[in-house]
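Here is the structure we will look at.
The values are calculated or read from the model by the stated rules, or taken from the named source; none is laboratory data. What you are looking at is a predicted structure, and each value in this text was computed from that prediction instead of being measured. Backbone-built Cβ (ideal geometry, glycine too); neighbour counts: all protein chains shown.
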There are 2 protein chains.
Amino acid sequence: MTVRTIEVRERVMARNDALAAQVRERLAAHGIWAMNLMSSPGAGKTTLLERTLAELGEPLDIAVVAGDCQTQNDADRLAAHTGRLVHAVVTGGACHLDALQVFDAIEHLDLDATRLLIVENVGNLVCPASWDLGETTRVVLFSVTEGEDKPLKYPKMFEKADWVVLTKTDLLPYVPFDADRAVRYCLQVNPNVRFLFVSATTGDGLAEWFDFLRRSVAPLARV
Amino acid sequence: MTVRTIEVRERVMARNDALAAQVRERLAAHGIWAMNLMSSPGAGKTTLLERTLAELGEPLDIAVVAGDCQTQNDADRLAAHTGRLVHAVVTGGACHLDALQVFDAIEHLDLDATRLLIVENVGNLVCPASWDLGETTRVVLFSVTEGEDKPLKYPKMFEKADWVVLTKTDLLPYVPFDADRAVRYCLQVNPNVRFLFVSATTGDGLAEWFDFLRRSVAPLARV
């Protein structure tokens, strides 16, 4: 039984990786930089994206694929902040996005008019880590309300992250969260990861986040 | 491919349900009331359990099975608060506990000396909802830092919950969280769910939580 399950899982993952490679190739052909944005439920993905679309949606030609278990609330929230296209993927209860869903979703986007694609994954610190979506960069949001130990408890997510964004920093005075220790735990599982600190509520750190996006997109600018 | 995966998944779930029934029968034979405690990462399961073990570990003969993806940090934290047995289950990256893990874990407990078994699931609002562990009651912790919309976005978890415990209520003044709306959303997906409100930091609401545990265990008291 177990062996059978693992075999099937391996075939599913191999198929996902093949599709992710196709997504990656397609996006590269259009000069698009793509972010896979992951976190626990409620770490602030959608709020950060709202601020991002309001500031950079037009200048960076951002398009969004918003994954959600059951609603398209996030996509609706985001669409209110931008004239840019936001495509909702409702996973029907599934715990992560897969490359096939992104492959299908980008059919609905105007890739020629997109430079930055942000894929908002399902809120989950475990499963999405295993699924390559064809992204250029993996960003994990990590809220200061979650406790410093999350990188040790959910190492795969942090091992594979390029950036960790500590969110809700405005709450630091009210929660027992040692940011230095959190950074140390992240580096323990992933010595190459880089950090940003933001509060979408007060705006602290958003300038650095916006700069990061601008810098990431610039090298791919089409002539 | 998809059909094959679904077939295997159905067989896995059927096997899980059969094992959960065995766990349930075994616990009932020992007069044990069992809670499956679930939430997002960082919603406060371990902190609430620390307070619970300190107050009621001995009087209610509590035993704990603590599930975690990769560490036994939680089990270690909990063991410091009780002379009672805390058994760690490290899932090796898996996103939920299953009935086989609980079946094996309770072998390590002294069931004759246990009245209340608390199973701390992996921090994840999606996957654990699908896995019956043989529990008597399902409790979902829902932190006020997560946003009111979580019941709509992760409905399966809330549909199957007997109790929702709103946690970190001490942070209500600092976060944009409308508790009435959160309750309404919970009731929308599950009209029978009941509520508690706690702050493990200030102690607000803990008396009601302790009463709930005392009342739940009382009817099963052995003579």
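Side notes on the structure shown:
- Any hit, segment A:47-70, residues being more than 16 Å from the chain's Cα centre (by Cα) and within 11 Å of chain B (Cβ to nearest Cβ): yes
- For the criterion of being more than 10 Å from every other protein chain (Cβ to nearest Cβ), part of a helix (DSSP H, G or I) and either surrounded by 20 or more Cβ atoms within 10 Å (Cβ to Cβ) or at pLDDT below 95 (or both), B:PHE103 fails.
- The set of residues from segment A:7-25 being surrounded by fewer than 16 Cβ atoms within 10 Å (Cβ to Cβ) and within 30 Å of A:ALA218 (Cα to Cα) comprises A:ASP17, A:ALA18, A:ALA21, A:GLN22, A:GLU25.
- In segment B:106-119, the residues that are surrounded by fewer than 18 Cβ atoms within 10 Å (Cβ to Cβ) and in contact (Cβ under 8 Å) with a residue 24 or more places away in the chain: B:ASP110, B:LEU111, B:ASP112, B:ALA113
- Residue within segment B:63-80 that is among the charged types (D, E, K, R), surrounded by fewer than 22 Cβ atoms within 10 Å (Cβ to Cβ), out of contact with any Cys (no Cβ under 6 Å at 6 or more places or on another chain) and at pLDDT below 95 present: yes
- Residue list for segment A:71-100, filter: under 22 Å from A:LEU125 (Cβ atoms), away from chain B (no Cβ under 11 Å) and in contact (Cβ under 8 Å) with a residue 24 or more places away in the chain: A:LEU78, A:VAL89, A:LEU97, A:ASP98, A:ALA99
- Residues that are of a type in the set (D, E, K, R), part of a loop (DSSP other than H, G, I, E, B) and closer than 14 Å to A:GLY123 by Cβ, drawn from segment B:151-164: none
- Cβ separations smaller than 7 Å between residues 6+ apart or across chains give the following pairs from segment A:151-164 residues that are at the interface with chain B (Cβ under 9 Å from one of its Cβ atoms) to residues that are among the charged types (D, E, K, R): A:LYS153/B:ASP68.
- Annotation: of all residues in segment B:189-210 being out of contact with any helix residue (DSSP H, G or I) (no Cβ under 7 Å at 6 or more places or on another chain) and not charged (D, E, K, R), the one that is surrounded by the most Cβ atoms within 10 Å (Cβ to Cβ) is B:TRP209.
- Search result, residues across segment A:161-173 that are over 12 Å from the mean Cα position of the chain (by Cα) and more than 20 Å from A:THR47 (Cα to Cα): A:PRO173
- Filtered residue count, segment B:106-121, keeping only those that are under 25 Å from A:GLN188 (Cβ atoms) and at pLDDT below 95: 0
- Residue selected from segment B:111-149 under the condition part of a helix (DSSP H, G or I) and touching a Cys at 6+ places or on another chain (Cβ under 9 Å), by the criterion farthest from the other protein chains (Cβ to nearest Cβ): B:PRO128
- Of the listed requirements (1) under 18 Å from the mean Cα position of the chain (by Cα); (2) crowded, with 17+ Cβ neighbours inside 10 Å, B:ARG214 misses just one: (2).
- Pick from segment A:165-200, criterion touching a Gly at 6+ places or on another chain (Cβ under 9 Å) and part of a loop (DSSP other than H, G, I, E, B), ranking: farthest from the other protein chains (Cβ to nearest Cβ): A:VAL198
- Meets criteria (in contact with a helix residue (DSSP H, G or I) (Cβ under 7 Å, 6 or more places away or on another chain) and surrounded by 24 or more Cβ atoms within 10 Å (Cβ to Cβ)) for A:GLY31: no
To keep it simple, each residue is scored yes or no on (1) in contact with a strand residue (DSSP E or B) (Cβ under 8 Å, 6 or more places away or on another chain); (2) under 26 Å from B:VAL175 (Cα atoms).
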{"position": "A:ALA105", "(1), (2)": "yes, no"}
{"position": "A:ASP110", "(1), (2)": "yes, no"}
{"position": "A:LYS156", "(1), (2)": "no, no"}
{"position": "A:TRP163", "(1), (2)": "yes, yes"}
